Amino acid sequence: MLSESELANKVKAYDKNADEAALRRAYAFANKMHHEQKRESGEPYVIHPINVAETLINYHMDATSIIAALLHDTVEDTSTSLEEIRNIFGEDVAKLVDGVTKLTRIEWNSDKSKQAGNFQKLVLAMSQDIRVLLIKLADRLHNMRTLTSVHSESKRIRIAKETMEIYVQLAERLGLHALKTEMEDIAFRILHPDVYESLAVRLNFLRENAGNLIPDIVADLKKDMSINGIKAEISGREKTPYSIWRKMQKQNITFEELCDIVAFRIIVDTVGDCYQALGVINTKYPMIPGRYKDYISTPKPNGYSSIHTSVIGPKNRRIEIQIRTKEMHEVAENGVAAHWSYKQGSYEGSSQFKWLRGLLDIMEQASSPEEFLDNTKMEMYADQVFCFTPKGDLVSLPTSATAIDFAYAVHSSVGNRCIGVKINGRIKPLRTMLANGDQVEIITSKVQNPSPEWERFAVTGKARAAIRRFIRNQKREQYLELGRQIMQKDLKASGKEYNEKDYVPLLGKYKVDTVEDLIAGVGEGIYTAHEIIIQIHPDMKSTMSTIMESFKKRTTRIKKKPAGRLQIKGLIPNMAIYFAGCCHPVPGDRIVGIITTGKGVTIHNLACKTLEKFAAEPERWIDIDWNDDLTQAETENEEKTYTARLNIVLLDKPGALGLLSTTVAKAKSNICNVNTVNRSFGFLELLVDLEVKNAEHLENVIDMLRTCPVINSVKRI
Ligand code: MN
């Protein structure tokens with residue numbers, strides 16, 4: 001434990017302007033106030049705040065932070081008031097102590113791990129000043145270091161869990177790698193004692209069996225460097241049990257297969273030396289492919305830079321090597337605290353919003369090296385984006401979340417009624433991805449009308465589930481409506497009335513609760529109207545010829561400009577429709593819909609041979625047509641294309657295919673698929689799938705192809 005003068009001297013060593021008297025006063029004050037108290041280990045309580053201060057001294061934090069660290073538990077755990085702190089130590093210290101005290105007071109139920117994200121958010125929002133967070137982390141570090149002396153096992157587990165879920169994550173985001181790793185390893189040991197134990201035993205065994213090769217390898221690498229005139233500090237270490245365990249889980253491999261359990265670090269003076277050192281390593285040792293990463297030429301967005309490589313190193317051991325300069329090392333180990341010591345005070349913000357924004361930026365940029373970079377996906381809350389409601393409430397979402405996720409995060413009714421969004425005061429598309437610090441205002445209407453499209457760009461489970469639920473309910477309505485229409489049409493053809501209560505006797509047989517369920521089933525295509533009706537009206541019959549007659553009587557071969565838009569008359573809006581793969585109908589063709597079980601409506605060309613298969617089920621046929629009511633503008637804006645299939649026979653000679661594709665392109669169409677059917681006697685027979693806007697367009701393409709000298713024949717399939 002540091003004495004009063006040792007502590008003051010240490011701070012003075014890196015900060016000449018530090019107020020030594022105030023530091024000494026704080027030390028003495030903490031000593032006095034905690035005088036009677038003991039830690040659970042039986043040691044005097046004051047050891048704790050002094051240790052916390054020491055951690056921060058190692059980060060070269062400013063004297064204000066050190067003083068606050070010494071006093072951090074006085075308000076919560078002793079008779080001291082915040083007022084007193086303010087009077088004796090001033091406003092700045094009081095603010096920091098108050099921040100830490102508030103954080104300590106938040107109760108955290110670790111059994112509800114769902115709340116971990118919220119809690120983190122809360123910690124952030126309450127910290128106000130990044131120094132509060134750093135004091136809190138140093139506080140937690142010391143509590144972890146002394147965790148074994150906590151008597152209650154359940155309390156130990158709770159603290160370890162909380163540390164893993166909250167503080168490790170926060171430390172990681174701030175790039176406090178050393179602190180993070182230490183907390184993580186202690187927590188791992190408490191939470192998974194068996195795994196920890198077996199890893200430790202295994203590591204020991206290896207160490208004893210193979211001898212501890214680390215010093216030898218370090219010596220070899222040192223020699224390699226000095227022969228080549230590179231000044232370098234080299235250190236080697238075993239990875240921690242926790243990081244090995246994580247790697248094993250991530251890569252789903254066993255301990256035996258995990259060879260690179262030792263990692264070495266070469267720290268040199270200049271960037272040039274880094275590459276020179278790399279050159280030496282590469283010349284001497286075989287490199288393991290796929291492991292080389294140059295974060296110096298391309299630093300991580302967070303500023304982390306280093307060279308990573310893996311080689312079969314000295315003693316034939318597979319090792320991992322990181323090469324970096326001292327400055328890079330400082331940032332890699334101490335993250336935001338490293339920045340701190342370089343530009344002191346730069347993170348003090350006036351308003352909470354400004355501070356939080358700043359912290360979010362830091363969190364974006366801050367990093368810890370190694371595992372974190374490679375394992376971000378394993379992290380529970382590593383990928384979040386924080387946004388604000390217009391009232392300033394914080395909403396945290398996964399990164400890549402869009403405005404629609406935000407809407408559903410606020411409330412599902414807001415999501416369902418959402419029609420637009422303003423981000424930072426500007427109208428933006430709902431699919432817009434949110435960025436940290438965005439202020440998001442959802443514009444709603446009175447009616448609920450989520451679009452199935454939304455599901456494509458919603459990323460949160462909550463939004464996706466809500467959209468799906470809404471669509472499902474809406475679909476049922478559609479199926480019910482369609483089912484009724486089908487039933488009515490079928491009955492009407494035989495001069496019969498549609499009466500829902502007629503079908504009550506069938507409910508038991510079909511195991512449904514209501515006639516509506518039954519009729520919706522007809523709409524969905526689970527049952528046919530025919531099978532339902534003939535059980536109530538056994539006299540009803542239909543034939544293929546009568547249906548075909550009625551369809552063919554339709555006068556319209558669409559002559560007007562057909563709409564390219566996917567709009568078909570005779571369907572319920574938003575009903576799922578599919579274009580048949582057999583006949584590739586395009587707008588302008590005469591078409592018919594066939595209800596397909598559980599799928600929706602399949603659209604066939606009326607000339608399609610496949611339709612004969614449905615001859616016995618007239619109730620599945622629905623009368624539809626292309627919608628030519630759309631305005632000119634709608635038609636022209638529409639870029640939707642349809643696939644049509646042509647059988648083309650052309651001369652099998654060089655350049656023929658080229659000419660075919662140029663002609664198609666000239667006709668403003670596009671070939672999306674080609675299959676060779678036959679190649680003989682100097683001819684090539686192809687099945688060509690084309691993208692066209694409508695029947696007229698297709699006609700045009702066919703005409704142009706026919707004028708092409710190498711083409712023998714063109715037929716639509
Ligand atoms: Mn404490």
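How would you rank 20, 208, 172, going from fewest to most other Cβ atoms within 10 Å of each one's own Cβ?
Neighbour counts put them in this order, fewest first: 208, 20, 172.
Could you go through the stretch 218-235 in sequence order and give the Karplus-derived ³J(HN,Hα) for each residue, using 6.51 cos²θ - 1.76 cosθ + 1.60 with θ = phi - 60°, rounded to whole Hz, and x for Gly and Pro?
Once θ is set to phi - 60°, the couplings for the stretch 218-235 become 4, 4, 4, 5, 4, 5, 3, 6, 5, 4, 8, x, 9, 7, 8, 9, 10, 9 Hz.
Across 5 Å bins from 0, what is the distribution of all Cα-Cα pair distances for the stretch 413-462, in whole percents?
Calculated over all Cα pairs of the stretch 413-462, the distribution is 5, 19, 28, 29, 16, 3, 0 percent.
Just want the ordering: 621, 245, from fewest to most Cβ atoms lying within 10 Å of their own Cβ.
Final ranking by Cβ density, sparse to dense: 245, 621.
Which value, in Å to one decimal place, does the Kirkwood hydrodynamic radius take for the stretch 4-191 when every pair of different Cα atoms is included?
16.8
Can you figure out the FRET efficiency of residue 424 with residue 468, using R₀ = 25 Å and their beta-carbon distance, to the nearest 0.05?
Efficiency for this residue pair is about 0.25.
Given 0.36 nm per residue, what is the gain on full extension from residue 679 to residue 249 after removing their alpha carbon distance, in nm?
Value of the extension gain: 149.3 nm.
Please tell me which of these pairs span more than 22 angstrom C-alpha to C-alpha: 180/326; 136/462; 239/284; 32/161; 223/293; 668/715?
136/462; 239/284; 32/161; 223/293, as the Cα separations exceed 22 Å there.
Among 65, 310, which comes first, second and so on when ranked by fewest other beta-carbon atoms within 10 Å?
Least to most surrounded, the residues fall as 310, 65.
Output ³J(HN,Hα) for the stretch 690-695: one whole-Hz value per residue in order, computed from phi by the Karplus curve 6.51 cos²θ - 1.76 cosθ + 1.60 with θ = phi - 60°, and x for Gly and Pro.
The phi angles translate into 10, 9, 10, 7, 6, 4 Hz.
Can you list the residues, at least 5 places off or on another chain, whose amide H is less than 5 Å from the amide H of residue 401, using H built in the peptide plane?
434
Computed from the coordinates by the stated procedures, all read-outs in this text should not be read as laboratory data. What you see is a predicted model; the values in this text were computed from it and never measured. Positions of Cβ are generated from backbone atoms using ideal geometry, with glycine treated the same way; all protein chains shown enter the neighbour counts.
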